[in-house]
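Below is one structure. I have some questions about it.
The values are calculated or read from the model by the stated rules, or taken from the named source; none is laboratory data. Keep in mind that this is a model prediction, so the values were computed, not measured. Positions of Cβ are backbone-derived with ideal geometry, glycine not excepted, and every protein chain shown enters the neighbour counts. For the accessible areas, the whole protein counts, side chains as well, though only heavy atoms, and no ligand, DNA or RNA atoms are used. Shrake-Rupley method; radii C 1.70, N 1.55, O 1.52, S 1.80 Å.
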Amino acid sequence: MQSTYQLIKCTLHLADNALILSQRNSEWCGHGPVLEQDIAITNISLDLLGQAKNFYAYAAALYNGFSDDEKNATDHLIPRPWKNYGRELNEDDLAFLRDENQYLNFLMPELPRGDWAFTILRQFFFSAWQYDLYTNLIKSPDATIAAIADKSLKEVTYHLRWSSEWVIRLGDGTDESHARMQNAVDDLWMYTGEMFEPFIDEALAPDSDTKLLQQSWVNRVKNIFDEANLGMPVSGWMQTGGTSGRHTEHLGYILAEMQYIQRTFPNATW
Amino acid sequence: MNKTTQHTPDPALVKQQIWKILEEVNDPEVPVLSVIDLGIVRDVVFNDYQYEVVITPTYSGCPAMDIISMNIRLKLMEYGYKDVKVKQVLSPAWTTDWMSEAGKEKLKAFGIAPPNPKQQVCSTALFADESVQCPRCSSYNTTRISEFGSTACKSLYRCENCKEPFDYFKCH
(Lines give C-alpha, C1' and ligand atoms only; values in the text may rest on other atoms or scores of the structure.)
Protein backbone atom coordinates (compact mmCIF):
# COMPACT_ATOMS: atom_id res chain seq x y z
CA MET A 1 0.00 0.00 0.00
CA GLN A 2 2.89 2.30 0.78
CA SER A 3 4.11 2.01 -2.79
CA THR A 4 0.77 2.84 -4.43
CA TYR A 5 0.47 5.83 -2.12
CA GLN A 6 3.95 7.00 -3.11
CA LEU A 7 3.18 6.45 -6.76
CA ILE A 8 0.05 8.62 -6.82
CA LYS A 9 1.77 11.29 -4.75
CA CYS A 10 4.75 11.48 -7.11
CA THR A 11 2.43 11.53 -10.12
CA LEU A 12 0.46 14.43 -8.67
CA HIS A 13 3.69 16.23 -7.83
CA LEU A 14 4.88 15.97 -11.44
CA ALA A 15 1.47 17.07 -12.71
CA ASP A 16 1.15 20.01 -10.30
CA ASN A 17 4.57 21.39 -11.19
CA ALA A 18 3.73 21.33 -14.89
CA LEU A 19 0.22 22.73 -14.45
CA ILE A 20 1.15 25.64 -12.19
CA LEU A 21 4.06 26.75 -14.35
CA SER A 22 1.85 26.41 -17.41
CA GLN A 23 -0.77 28.64 -15.82
CA ARG A 24 1.83 31.22 -14.79
CA ASN A 25 3.47 31.33 -18.21
CA SER A 26 0.09 31.64 -19.91
CA GLU A 27 -0.30 35.03 -18.20
CA TRP A 28 2.11 36.31 -20.85
CA CYS A 29 -0.39 35.60 -23.61
CA GLY A 30 -0.78 38.92 -25.41
CA HIS A 31 1.79 40.58 -23.14
CA GLY A 32 5.12 39.13 -24.36
CA PRO A 33 7.94 41.57 -25.12
CA VAL A 34 7.78 40.74 -28.84
CA LEU A 35 5.27 38.68 -30.78
CA GLU A 36 7.61 35.74 -31.43
CA GLN A 37 8.48 35.35 -27.76
CA ASP A 38 4.88 35.79 -26.70
CA ILE A 39 4.13 32.82 -28.95
CA ALA A 40 7.13 30.91 -27.58
CA ILE A 41 6.20 31.20 -23.91
CA THR A 42 2.57 30.29 -24.57
CA ASN A 43 3.67 27.30 -26.67
CA ILE A 44 5.72 26.17 -23.69
CA SER A 45 2.61 26.64 -21.54
CA LEU A 46 0.67 24.39 -23.84
CA ASP A 47 3.31 21.66 -23.72
CA LEU A 48 3.36 21.82 -19.92
CA LEU A 49 -0.43 21.70 -19.81
CA GLY A 50 -0.36 18.56 -21.95
CA GLN A 51 2.21 16.95 -19.67
CA ALA A 52 0.11 17.85 -16.63
CA LYS A 53 -2.97 16.36 -18.27
CA ASN A 54 -1.17 13.09 -18.94
CA PHE A 55 0.06 12.81 -15.36
CA TYR A 56 -3.35 13.75 -13.89
CA ALA A 57 -5.10 11.22 -16.12
CA TYR A 58 -2.74 8.56 -14.79
CA ALA A 59 -3.23 9.64 -11.16
CA ALA A 60 -7.01 9.48 -11.65
CA ALA A 61 -6.79 6.02 -13.24
CA LEU A 62 -4.62 4.83 -10.36
CA TYR A 63 -7.09 6.12 -7.79
CA ASN A 64 -10.09 4.61 -9.57
CA GLY A 65 -8.36 1.23 -9.48
CA PHE A 66 -7.40 1.41 -5.80
CA SER A 67 -8.73 -0.90 -3.11
CA ASP A 68 -10.79 0.68 -0.30
CA ASP A 69 -7.76 0.69 1.99
CA GLU A 70 -5.66 2.42 -0.62
CA LYS A 71 -8.42 4.96 -1.23
CA ASN A 72 -8.60 5.75 2.47
CA ALA A 73 -4.86 6.26 2.65
CA THR A 74 -5.02 8.67 -0.31
CA ASP A 75 -8.14 10.50 0.84
CA HIS A 76 -6.37 13.69 1.87
CA LEU A 77 -5.07 14.16 -1.71
CA ILE A 78 -8.48 13.83 -3.36
CA PRO A 79 -10.67 16.86 -4.17
CA ARG A 80 -13.55 17.26 -1.72
CA PRO A 81 -16.25 18.52 -4.14
CA TRP A 82 -15.73 15.44 -6.34
CA LYS A 83 -16.81 13.15 -3.51
CA ASN A 84 -20.43 14.20 -4.09
CA TYR A 85 -20.32 13.73 -7.85
CA GLY A 86 -20.97 10.00 -7.83
CA ARG A 87 -18.73 9.24 -10.79
CA GLU A 88 -15.14 8.16 -11.36
CA LEU A 89 -12.33 10.62 -10.70
CA ASN A 90 -10.86 12.29 -13.79
CA GLU A 91 -7.95 14.57 -14.63
CA ASP A 92 -10.04 17.74 -14.58
CA ASP A 93 -11.21 17.07 -11.01
CA LEU A 94 -7.59 16.84 -9.90
CA ALA A 95 -6.65 20.11 -11.59
CA PHE A 96 -9.72 22.18 -10.85
CA LEU A 97 -11.09 21.01 -7.51
CA ARG A 98 -8.18 20.42 -5.16
CA ASP A 99 -7.41 22.90 -2.41
CA GLU A 100 -4.19 24.79 -2.10
CA ASN A 101 -2.67 22.53 0.57
CA GLN A 102 -3.38 19.46 -1.60
CA TYR A 103 -1.08 20.79 -4.30
CA LEU A 104 2.39 19.23 -4.21
CA ASN A 105 4.30 21.47 -6.62
CA PHE A 106 7.47 23.32 -5.75
CA LEU A 107 7.18 26.95 -4.67
CA MET A 108 9.12 28.23 -7.69
CA PRO A 109 6.42 27.71 -10.36
CA GLU A 110 3.74 29.47 -8.31
CA LEU A 111 5.69 32.71 -7.80
CA PRO A 112 4.21 35.70 -9.70
CA ARG A 113 5.48 35.98 -13.25
CA GLY A 114 7.74 38.98 -12.54
CA ASP A 115 9.49 40.60 -15.50
CA TRP A 116 10.66 38.80 -18.63
CA ALA A 117 14.07 38.03 -17.09
CA PHE A 118 12.41 36.38 -14.10
CA THR A 119 10.11 34.33 -16.35
CA ILE A 120 13.01 33.22 -18.56
CA LEU A 121 15.25 32.26 -15.67
CA ARG A 122 12.52 30.32 -13.89
CA GLN A 123 11.78 28.45 -17.11
CA PHE A 124 15.47 27.64 -17.49
CA PHE A 125 15.84 26.40 -13.88
CA PHE A 126 12.67 24.36 -14.24
CA SER A 127 13.44 22.88 -17.68
CA ALA A 128 16.95 21.93 -16.55
CA TRP A 129 15.41 20.07 -13.59
CA GLN A 130 12.80 18.39 -15.79
CA TYR A 131 15.40 17.40 -18.36
CA ASP A 132 17.51 15.27 -16.02
CA LEU A 133 14.54 13.93 -14.09
CA TYR A 134 12.62 12.84 -17.19
CA THR A 135 15.77 11.30 -18.63
CA ASN A 136 15.78 9.08 -15.54
CA LEU A 137 12.04 8.46 -15.54
CA ILE A 138 12.21 7.02 -19.05
CA LYS A 139 13.86 4.02 -17.37
CA SER A 140 11.12 3.76 -14.75
CA PRO A 141 9.63 0.28 -14.23
CA ASP A 142 6.24 2.01 -14.27
CA ALA A 143 5.36 1.89 -17.96
CA THR A 144 2.97 4.87 -17.94
CA ILE A 145 5.36 7.17 -16.11
CA ALA A 146 8.12 6.09 -18.51
CA ALA A 147 5.89 6.78 -21.54
CA ILE A 148 4.88 10.26 -20.32
CA ALA A 149 8.52 11.09 -19.55
CA ASP A 150 9.62 9.88 -22.96
CA LYS A 151 6.96 11.95 -24.68
CA SER A 152 7.63 15.04 -22.55
CA LEU A 153 11.41 14.94 -22.78
CA LYS A 154 11.35 15.93 -26.44
CA GLU A 155 9.38 19.04 -25.56
CA VAL A 156 11.53 19.79 -22.51
CA THR A 157 14.65 19.59 -24.67
CA TYR A 158 13.20 22.38 -26.76
CA HIS A 159 12.23 24.45 -23.71
CA LEU A 160 15.67 24.01 -22.22
CA ARG A 161 17.39 25.14 -25.40
CA TRP A 162 15.12 28.15 -25.83
CA SER A 163 15.41 29.31 -22.21
CA SER A 164 19.20 28.72 -22.09
CA GLU A 165 19.64 30.90 -25.16
CA TRP A 166 17.55 33.67 -23.64
CA VAL A 167 19.42 33.56 -20.32
CA ILE A 168 22.61 34.09 -22.34
CA ARG A 169 21.13 36.82 -24.55
CA LEU A 170 19.82 38.81 -21.61
CA GLY A 171 22.70 38.14 -19.20
CA ASP A 172 25.25 39.01 -21.86
CA GLY A 173 23.13 41.80 -23.37
CA THR A 174 22.72 45.42 -22.35
CA ASP A 175 23.39 46.85 -18.89
CA GLU A 176 19.66 46.87 -18.30
CA SER A 177 19.04 43.28 -19.38
CA HIS A 178 22.07 42.08 -17.41
CA ALA A 179 20.92 43.85 -14.26
CA ARG A 180 17.43 42.40 -14.59
CA MET A 181 18.78 38.91 -15.13
CA GLN A 182 21.09 39.20 -12.12
CA ASN A 183 18.13 40.39 -10.01
CA ALA A 184 16.16 37.37 -11.16
CA VAL A 185 19.04 35.10 -10.11
CA ASP A 186 19.11 36.72 -6.68
CA ASP A 187 15.33 36.43 -6.27
CA LEU A 188 14.95 32.87 -7.52
CA TRP A 189 17.99 31.11 -6.12
CA MET A 190 16.51 30.33 -2.71
CA TYR A 191 13.68 28.42 -4.41
CA THR A 192 15.99 26.05 -6.28
CA GLY A 193 17.03 23.87 -3.32
CA GLU A 194 13.56 22.38 -3.04
CA MET A 195 13.97 20.63 -6.38
CA PHE A 196 16.66 18.40 -4.91
CA GLU A 197 15.06 17.30 -1.71
CA PRO A 198 14.30 13.59 -1.97
CA PHE A 199 10.68 13.30 -3.05
CA ILE A 200 10.38 11.17 -6.17
CA ASP A 201 10.06 7.58 -5.06
CA GLU A 202 13.21 5.55 -5.68
CA ALA A 203 11.14 2.68 -7.01
CA LEU A 204 9.79 5.01 -9.67
CA ALA A 205 13.11 6.42 -10.81
CA PRO A 206 15.76 3.74 -10.29
CA ASP A 207 18.80 5.83 -11.19
CA SER A 208 17.50 8.94 -9.56
CA ASP A 209 20.07 9.89 -6.95
CA THR A 210 19.05 13.39 -5.84
CA LYS A 211 22.65 14.39 -5.22
CA LEU A 212 23.63 13.39 -8.75
CA LEU A 213 20.61 15.20 -10.19
CA GLN A 214 21.58 18.30 -8.29
CA GLN A 215 25.19 18.09 -9.45
CA SER A 216 24.13 17.76 -13.06
CA TRP A 217 21.71 20.69 -12.67
CA VAL A 218 24.33 22.91 -11.03
CA ASN A 219 26.84 22.11 -13.79
CA ARG A 220 24.30 22.96 -16.46
CA VAL A 221 23.39 26.23 -14.77
CA LYS A 222 27.04 27.14 -14.25
CA ASN A 223 27.88 26.59 -17.92
CA ILE A 224 25.07 28.86 -19.03
CA PHE A 225 25.83 31.49 -16.38
CA ASP A 226 29.47 31.58 -17.50
CA GLU A 227 28.31 32.30 -21.05
CA ALA A 228 25.84 34.86 -19.77
CA ASN A 229 28.29 36.73 -17.54
CA LEU A 230 26.10 35.99 -14.55
CA GLY A 231 27.54 35.28 -11.14
CA MET A 232 26.77 31.87 -9.65
CA PRO A 233 25.20 32.48 -6.23
CA VAL A 234 26.79 30.93 -3.17
CA SER A 235 24.45 28.41 -1.62
CA GLY A 236 22.41 29.86 1.17
CA TRP A 237 19.05 29.47 2.86
CA MET A 238 16.63 27.48 0.75
CA GLN A 239 12.89 28.01 1.05
CA THR A 240 10.90 24.77 0.92
CA GLY A 241 7.41 23.49 1.75
CA GLY A 242 5.59 23.04 -1.56
CA THR A 243 5.93 19.26 -1.70
CA SER A 244 4.27 18.96 1.70
CA GLY A 245 1.45 21.33 0.75
CA ARG A 246 2.81 24.43 2.49
CA HIS A 247 2.71 27.08 -0.21
CA THR A 248 3.33 30.77 -0.67
CA GLU A 249 0.32 33.09 -0.59
CA HIS A 250 0.51 33.26 -4.38
CA LEU A 251 -0.85 29.76 -5.00
CA GLY A 252 -4.29 30.60 -3.59
CA TYR A 253 -4.71 33.45 -6.05
CA ILE A 254 -3.63 31.42 -9.05
CA LEU A 255 -6.03 28.60 -8.10
CA ALA A 256 -8.88 31.07 -7.55
CA GLU A 257 -8.51 32.28 -11.11
CA MET A 258 -7.91 28.85 -12.61
CA GLN A 259 -10.61 26.96 -10.71
CA TYR A 260 -13.35 29.57 -10.67
CA ILE A 261 -15.50 28.13 -13.44
CA GLN A 262 -15.43 24.51 -12.25
CA ARG A 263 -16.21 25.51 -8.68
CA THR A 264 -19.03 27.86 -9.69
CA PHE A 265 -20.55 25.63 -12.36
CA PRO A 266 -19.61 22.08 -11.33
CA ASN A 267 -18.94 19.76 -14.27
CA ALA A 268 -19.30 22.56 -16.81
CA THR A 269 -17.96 21.63 -20.24
CA TRP A 270 -17.50 23.71 -23.38
CA MET B 1 -28.89 -11.95 -36.87
CA ASN B 2 -27.48 -15.37 -36.33
CA LYS B 3 -23.76 -14.96 -36.11
CA THR B 4 -22.96 -18.43 -37.47
CA THR B 5 -24.62 -17.67 -40.79
CA GLN B 6 -23.21 -14.17 -41.06
CA HIS B 7 -20.55 -13.63 -43.63
CA THR B 8 -17.28 -13.04 -41.81
CA PRO B 9 -15.11 -10.40 -43.43
CA ASP B 10 -11.44 -11.05 -43.80
CA PRO B 11 -9.77 -9.09 -40.94
CA ALA B 12 -6.75 -8.27 -43.07
CA LEU B 13 -8.97 -6.83 -45.78
CA VAL B 14 -11.00 -4.79 -43.29
CA LYS B 15 -7.86 -3.34 -41.80
CA GLN B 16 -6.58 -2.46 -45.23
CA GLN B 17 -9.85 -0.68 -46.02
CA ILE B 18 -9.73 1.28 -42.77
CA TRP B 19 -6.14 2.38 -43.37
CA LYS B 20 -7.26 3.56 -46.81
CA ILE B 21 -10.24 5.51 -45.41
CA LEU B 22 -8.02 7.17 -42.79
CA GLU B 23 -6.15 8.84 -45.64
CA GLU B 24 -9.26 11.04 -45.95
CA VAL B 25 -9.05 12.28 -42.34
CA ASN B 26 -7.05 15.48 -42.21
CA ASP B 27 -5.17 17.21 -39.43
CA PRO B 28 -7.39 20.21 -38.52
CA GLU B 29 -4.36 22.43 -37.96
CA VAL B 30 -2.39 21.45 -41.05
CA PRO B 31 -5.27 20.51 -43.34
CA VAL B 32 -3.10 19.38 -46.27
CA LEU B 33 -1.90 16.43 -44.21
CA SER B 34 -3.92 13.33 -43.50
CA VAL B 35 -3.49 11.53 -40.21
CA ILE B 36 -1.66 8.86 -42.22
CA ASP B 37 0.76 11.41 -43.73
CA LEU B 38 1.41 12.73 -40.25
CA GLY B 39 2.25 9.26 -38.98
CA ILE B 40 0.04 9.46 -35.91
CA VAL B 41 -2.02 6.35 -36.69
CA ARG B 42 -0.10 3.52 -35.03
CA ASP B 43 -2.44 0.57 -35.43
CA VAL B 44 -5.84 -0.59 -36.58
CA VAL B 45 -7.34 -3.44 -34.61
CA PHE B 46 -10.34 -5.44 -35.78
CA ASN B 47 -11.80 -7.87 -33.36
CA ASP B 48 -15.26 -9.42 -33.28
CA TYR B 49 -16.88 -6.60 -35.29
CA GLN B 50 -15.23 -3.95 -33.10
CA TYR B 51 -12.77 -1.58 -34.62
CA GLU B 52 -10.06 0.22 -32.74
CA VAL B 53 -7.82 2.90 -34.23
CA VAL B 54 -4.71 3.59 -32.16
CA ILE B 55 -3.28 7.10 -32.48
CA THR B 56 -0.46 8.94 -30.75
CA PRO B 57 -0.30 12.71 -30.10
CA THR B 58 2.32 14.83 -31.84
CA TYR B 59 2.85 17.00 -28.76
CA SER B 60 1.59 16.39 -25.20
CA GLY B 61 -0.63 19.44 -25.31
CA CYS B 62 -1.81 19.14 -28.90
CA PRO B 63 -5.37 20.48 -28.76
CA ALA B 64 -6.26 18.79 -32.04
CA MET B 65 -6.23 15.24 -30.65
CA ASP B 66 -9.86 15.16 -29.52
CA ILE B 67 -11.04 16.62 -32.82
CA ILE B 68 -8.90 14.14 -34.74
CA SER B 69 -10.39 11.27 -32.71
CA MET B 70 -13.90 12.52 -33.47
CA ASN B 71 -13.15 13.02 -37.18
CA ILE B 72 -11.78 9.49 -37.45
CA ARG B 73 -14.98 8.06 -35.99
CA LEU B 74 -17.18 10.26 -38.19
CA LYS B 75 -15.29 9.35 -41.34
CA LEU B 76 -15.40 5.63 -40.60
CA MET B 77 -19.11 5.96 -39.85
CA GLU B 78 -19.64 7.38 -43.35
CA TYR B 79 -18.28 4.09 -44.66
CA GLY B 80 -20.47 2.04 -42.36
CA TYR B 81 -18.01 1.24 -39.60
CA LYS B 82 -20.17 2.09 -36.61
CA ASP B 83 -18.54 0.53 -33.59
CA VAL B 84 -15.23 2.37 -33.67
CA LYS B 85 -13.05 3.22 -30.73
CA VAL B 86 -10.10 5.57 -30.97
CA LYS B 87 -7.40 4.90 -28.41
CA GLN B 88 -4.57 7.30 -27.63
CA VAL B 89 -1.17 5.92 -26.69
CA LEU B 90 1.94 7.86 -25.67
CA SER B 91 4.61 5.27 -26.27
CA PRO B 92 6.57 5.07 -28.47
CA ALA B 93 6.64 8.85 -28.71
CA TRP B 94 5.75 10.36 -32.06
CA THR B 95 8.58 11.62 -34.23
CA THR B 96 8.59 13.58 -37.48
CA ASP B 97 10.51 10.62 -38.94
CA TRP B 98 7.13 8.89 -39.16
CA MET B 99 5.81 11.51 -41.55
CA SER B 100 5.33 10.03 -45.02
CA GLU B 101 7.33 11.23 -48.02
CA ALA B 102 4.01 12.13 -49.67
CA GLY B 103 3.19 14.18 -46.59
CA LYS B 104 6.47 16.05 -46.84
CA GLU B 105 5.77 16.87 -50.48
CA LYS B 106 2.27 18.10 -49.61
CA LEU B 107 3.64 20.33 -46.86
CA LYS B 108 6.13 21.88 -49.21
CA ALA B 109 3.48 22.52 -51.86
CA PHE B 110 1.34 24.16 -49.15
CA GLY B 111 4.19 26.56 -48.26
CA ILE B 112 5.40 24.83 -45.08
CA ALA B 113 8.98 23.57 -45.03
CA PRO B 114 8.90 19.84 -44.18
CA PRO B 115 10.89 18.56 -41.18
CA ASN B 116 14.55 17.76 -41.65
CA PRO B 117 15.66 14.24 -40.74
CA LYS B 118 15.68 14.00 -36.98
CA GLN B 119 19.39 13.78 -36.31
CA GLN B 120 20.13 17.32 -37.45
CA VAL B 121 19.10 19.47 -34.48
CA CYS B 122 17.15 17.81 -31.73
CA SER B 123 19.56 18.26 -28.86
CA THR B 124 20.25 20.81 -26.17
CA ALA B 125 23.04 22.34 -28.28
CA LEU B 126 22.62 26.10 -28.20
CA PHE B 127 22.33 28.57 -31.05
CA ALA B 128 22.41 25.71 -33.50
CA ASP B 129 22.03 26.78 -37.08
CA GLU B 130 19.74 24.33 -38.78
CA SER B 131 19.68 24.67 -42.54
CA VAL B 132 16.09 24.79 -43.62
CA GLN B 133 15.07 24.97 -47.24
CA CYS B 134 12.61 27.65 -48.34
CA PRO B 135 9.46 25.87 -49.57
CA ARG B 136 8.88 28.56 -52.22
CA CYS B 137 12.22 29.18 -53.92
CA SER B 138 14.17 26.19 -52.50
CA SER B 139 17.01 28.40 -51.25
CA TYR B 140 18.91 27.35 -48.14
CA ASN B 141 19.71 30.99 -47.41
CA THR B 142 17.14 31.21 -44.62
CA THR B 143 17.03 32.63 -41.10
CA ARG B 144 15.07 31.46 -38.10
CA ILE B 145 12.78 34.17 -36.74
CA SER B 146 11.40 32.16 -33.84
CA GLU B 147 11.73 28.63 -32.50
CA PHE B 148 8.00 28.59 -31.87
CA GLY B 149 5.26 29.24 -34.36
CA SER B 150 1.51 29.25 -34.87
CA THR B 151 1.18 25.68 -33.58
CA ALA B 152 3.36 23.54 -31.30
CA CYS B 153 4.79 21.67 -34.28
CA LYS B 154 6.09 24.64 -36.25
CA SER B 155 8.73 27.36 -36.05
CA LEU B 156 9.03 30.58 -38.02
CA TYR B 157 11.61 31.22 -40.73
CA ARG B 158 12.37 33.86 -43.33
CA CYS B 159 13.95 33.29 -46.72
CA GLU B 160 16.79 35.74 -47.39
CA ASN B 161 16.60 34.94 -51.07
CA CYS B 162 12.93 35.49 -51.98
CA LYS B 163 12.26 37.47 -48.74
CA GLU B 164 9.15 35.46 -47.92
CA PRO B 165 8.46 34.34 -44.34
CA PHE B 166 7.44 30.70 -43.93
CA ASP B 167 6.58 28.04 -41.38
CA TYR B 168 8.96 25.16 -40.76
CA PHE B 169 7.49 21.91 -39.48
CA LYS B 170 10.19 21.35 -36.91
CA CYS B 171 11.92 18.05 -36.37
CA HIS B 172 10.74 16.27 -33.27
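Out of (1) under 20 Å from A:Lys154 (Cβ atoms); (2) away from chain A (no Cβ under 14 Å), the odd one out for B:Arg136 is which?
The failed condition is (1).
Quick one: B:Gln88 ticks every box in (1) under 15 Å from B:Glu29 (Cβ atoms); (2) open to solvent by 70 Å² or more (accessible area, probe 1.4 Å); (3) within 14 Å of chain A (Cβ to nearest Cβ) bar one, so which box is it?
Of (1) under 15 Å from B:Glu29 (Cβ atoms); (2) open to solvent by 70 Å² or more (accessible area, probe 1.4 Å); (3) within 14 Å of chain A (Cβ to nearest Cβ), only one is false for B:Gln88: (1).
Is there a residue being modelled with pLDDT of 95 or more, within 12 Å of another protein chain (Cβ to nearest Cβ) and open to solvent by 10 Å² or more (accessible area, probe 1.4 Å) anywhere in the range A:119-131?
Yes, that holds for at least one residue.
Right, another one. Restricting to the range A:144-178, name every residue that is over 19 Å from the mean Cα position of the chain (by Cα), at the interface with chain B (Cβ under 10 Å from one of its Cβ atoms) and of a type in the set (D, E, K, R).
Correct list: A:Glu165, A:Arg169.
Give the residues of the range A:12-57 that are open to solvent by 20 Å² or more (accessible area, probe 1.4 Å), facing another protein chain (nearest Cβ under 7 Å) and touching a strand residue (DSSP E or B) at 6+ places or on another chain (Cβ under 9 Å), sorted by residue number.
A:Glu36, A:Ile39
Given the options A:Ser152, A:Ser140, name the one that is outside any helix (DSSP H, G or I) and either open to solvent by 10 Å² or more (accessible area, probe 1.4 Å) or under 23 Å from B:Gly61 (Cα atoms) (or both).
A:Ser140
Tally time: how many residues in the range B:144-167 are away from every other protein chain (no Cβ under 11 Å) and outside any strand (DSSP E or B)?
Total satisfying the criteria: 5.
When only residues in the range B:51-67 that are touching a strand residue (DSSP E or B) at 6+ places or on another chain (Cβ under 7 Å) and more than 10 Å from every other protein chain (Cβ to nearest Cβ) count, which is farthest from A:Glu155 (Cα to Cα)? Walk me through how you get there before you give the answer.
Restricting attention to the range B:51-67, the residues satisfying the condition of being touching a strand residue (DSSP E or B) at 6+ places or on another chain (Cβ under 7 Å) are B:51-57, B:65.
So of that shortlist, the ones also more than 10 Å from every other protein chain (Cβ to nearest Cβ) come out as B:51-55.
Details: B:Tyr51: 32, B:Glu52: 28, B:Val53: 25, B:Val54: 22, B:Ile55: 19 Å.
For the range B:51-67, the residue satisfying everything is B:Tyr51.
On the basis of being in contact with a Ser or Thr (Cβ under 8 Å, 6 or more places away or on another chain), under 24 Å from A:Gln23 (Cβ atoms) and not polar (S, T, N, Q), does A:Glu194 make the cut?
Working: in contact with a Ser or Thr (Cβ under 8 Å, 6 or more places away or on another chain): yes; under 24 Å from A:Gln23 (Cβ atoms): yes; not polar (S, T, N, Q): yes.
Taking the combined requirement at face value, the residue satisfies it.
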